[in-house]
Amino acid sequence: MESLKILNIAANALNEKKATNLSALKVDDLTVLTEFFLLATATSSTHVRALADEVEFKLSEQGVEPHHIEGKSTGWVLLDYGSVIVHVFSREAREFYNLDKMWADGTMIELDSILVSEQEK
């Protein structure tokens, strides 16, 4: 599945489950690791797991499985889909690791154009 489709499904899954501070960065000019980072903040440790599980479920429905998952029992879960890496943080972990600043040279992706509103469902 192409990168933008994975990004779209993951972003919508996070949005549906009420992730906050949702952002996407195109980082392929900065690293060979991936094409996109998708970052989301959760309101609790339970919410972190629920958000990560929802992304994994929605992509699995489309036949896309993660290459690797890290941090299932921490305040930061990383789901590696190769061309898209999804980071789900607790508020504290997001502030501490500050990937938004670390990868600020990446290109911000406007998510408004890919997120499905409640009216469109």
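The values are calculated or read from the model by the stated rules, or taken from the named source; none is laboratory data. Note that the structure is a prediction, hence the values are computed from the model and not measured. We place every Cβ from the backbone using ideal geometry, glycine too, and count neighbours over all the protein chains shown. Surface accessibility is based on the protein's heavy atoms, side chains included, excluding ligands, DNA and RNA. Shrake-Rupley method; radii C 1.70, N 1.55, O 1.52, S 1.80 Å.
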Scan of the stretch 77-86 for residues that are free of Cβ contacts under 8 Å to residues at least 60 places away in the same chain and either in contact with an Asp or Glu (Cβ under 6 Å, 6 or more places away or on another chain) or among the acidic types (D, E) (or both), ordered by number
L78, D80
Looking for whichever is open to solvent by less than 80 Å² (accessible area, probe 1.4 Å) and either out of contact with any Ser or Thr (no Cβ under 7 Å at 6 or more places or on another chain) or at pLDDT below 95 (or both) here; the options are K26, K58, K101, K121. Which one fits?
K58
In the set F96, F89, which member is touching a residue at least 40 places away in the same chain (Cβ under 8 Å) and either farther than 16 Å from L111 by Cα or crowded, with 18+ Cβ neighbours inside 10 Å (or both)?
F89
Boolean, T74 is surrounded by fewer than 21 Cβ atoms within 10 Å (Cβ to Cβ), in a loop (DSSP other than H, G, I, E, B) and either touching a residue at least 24 places away in the same chain (Cβ under 8 Å) or more than 11 Å from the chain's Cα centre (by Cα) (or both)
yes
Residue check for D53: open to solvent by 20 Å² or more (accessible area, probe 1.4 Å), under 13 Å from I6 (Cβ atoms), at pLDDT 95 or above and not small (G, A, S)
no
Which of the residues that make up the stretch 13-31 are out of contact with any Leu (no Cβ under 8 Å at 6 or more places or on another chain), assigned to a loop (DSSP other than H, G, I, E, B) and closer than 16 Å to L51 by Cα?
K18
Among the listed residues V116, V48, which satisfies the condition of being open to solvent by less than 30 Å² (accessible area, probe 1.4 Å) and of a type outside the set (S, T, N, Q)?
V48
